[in-house]
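Structure, as structure tokens:
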Amino acid sequence: MGRHREFDVEKALDAAICVFWRKGYEGASYADLTEAAGVERPALYSAFGNKEALFRKALARYYERYVDYVPAALQLPTAREVAAHLLQGAIDLTTRYPDHTGCLGIQGVLAGSDEAEPVRQALIEARAEAEAQLRERFERAKAEGDLPETARPDTLAAFLMAVLHGMAVQAKAGFSRDTLEAVAEQALSTWPAGRPAPARETA
């Protein structure tokens, strides 16, 4: 019979998230990961596989636990509300933890070695999927008249993603929450408006 694991796998994964969040994929050493998880390297291998597998599992948990404001935003009734909720959620997340600011999904691997290329591509694909979801939501908003006929859903989605990514980088660089709030306000100030909703009849 194999030995039972002598550590909490869920807590170890949460610890790995924080390390990757703070240092990125390549910056996080095995020593960092084992120290944070409180286990020896063989136990970490046994539970999660290699470093890439651990990062992928950590990333999936990160999106599930910390980025739940994205699916919530997509359900809001107007495109502007979607954008506002995403911007505010990103500000909250990227400034909430002083010892790991920014966004794991953005700073995990912006650039890296050949060995890190599969992880970099996985992050690119995740961001592309998020942009596609935004584009589809804004296409629906245009069809409903919430966005004007001149609006370009693909450009709006790319614009919003660019602002979100930029704010994550700024947060990592130490920009204050107030500054990021001002950036979000500026982005929303140019948001295109569709036709007004019909007035409700009064009894």
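The values are calculated or read from the model by the stated rules, or taken from the named source; none is laboratory data. This is a predicted model, so every value here is computed, not measured. Heads up, the Cβs are rebuilt from the backbone with ideal geometry, glycines too, and the neighbour counts pull from every protein chain shown. Keep in mind that these areas ignore ligands, DNA and RNA; they rest on the heavy atoms of the full protein, side chains included. Shrake-Rupley method; radii C 1.70, N 1.55, O 1.52, S 1.80 Å.
May I ask you to list the residues in the stretch 138-155 that are of a type in the set (A, V, I, L, M, F, W, C) and either open to solvent by less than 70 Å² (accessible area, probe 1.4 Å) or under 27 Å from the mean Cα position of the chain (by Cα) (or both)?
Once the filter is applied, which keeps residues that are of a type in the set (A, V, I, L, M, F, W, C) and either open to solvent by less than 70 Å² (accessible area, probe 1.4 Å) or under 27 Å from the mean Cα position of the chain (by Cα) (or both), the stretch 138-155 yields 138, 141, 147, 151.
Any idea which of (1) within 15 Å of the chain's Cα centre (by Cα); (2) assigned to a helix (DSSP H, G or I); (3) not hydrophobic (A, V, I, L, M, F, W, C) is the one residue 115 doesn't satisfy?
(1)
Based on what the data block shows, is residue 197 of a type in the set (Gly, Ala, Ser), open to solvent by 50 Å² or more (accessible area, probe 1.4 Å), within 23 Å of residue 134 (Cβ to Cβ) and at pLDDT below 90?
For residue 197, the condition - of a type in the set (Gly, Ala, Ser), open to solvent by 50 Å² or more (accessible area, probe 1.4 Å), within 23 Å of residue 134 (Cβ to Cβ) and at pLDDT below 90 - is met.
Quick one: what pairs do we get from the stretch 112-133, first residue open to solvent by 50 Å² or more (accessible area, probe 1.4 Å), second of a type in the set (Asp, Glu) and in a helix (DSSP H, G or I), C-beta under 9 Å, 6+ apart or different chains?
Correct list of pairs: 115/26; 115/52; 118/52; 131/154.
Would a scan of the stretch 65-81 turn up a residue that is surrounded by fewer than 15 Cβ atoms within 10 Å (Cβ to Cβ), over 30 Å from residue 143 (Cα atoms) and either free of Cβ contacts under 8 Å to residues at least 60 places away in the same chain or among the hydroxyl-bearing types (Ser, Thr, Tyr) (or both)?
Checked against the condition, which is being surrounded by fewer than 15 Cβ atoms within 10 Å (Cβ to Cβ), over 30 Å from residue 143 (Cα atoms) and either free of Cβ contacts under 8 Å to residues at least 60 places away in the same chain or among the hydroxyl-bearing types (Ser, Thr, Tyr) (or both), the stretch 65-81 yields at least one hit.
Conditions: (1) within 19 Å of the chain's Cα centre (by Cα); (2) over 18 Å from residue 169 (Cα atoms); (3) open to solvent by 30 Å² or more (accessible area, probe 1.4 Å). Residue 29 meets all but one. Number of the miss?
With (1) within 19 Å of the chain's Cα centre (by Cα); (2) over 18 Å from residue 169 (Cα atoms); (3) open to solvent by 30 Å² or more (accessible area, probe 1.4 Å) applied to residue 29, the lone miss is (1).
Residue under question is residue 126, and the condition is that it be touching a Ser or Thr at 6+ places or on another chain (Cβ under 7 Å), within 24 Å of residue 72 (Cβ to Cβ) and assigned to a helix (DSSP H, G or I); does it hold?
Against the criterion (touching a Ser or Thr at 6+ places or on another chain (Cβ under 7 Å), within 24 Å of residue 72 (Cβ to Cβ) and assigned to a helix (DSSP H, G or I)), residue 126 does not qualify.
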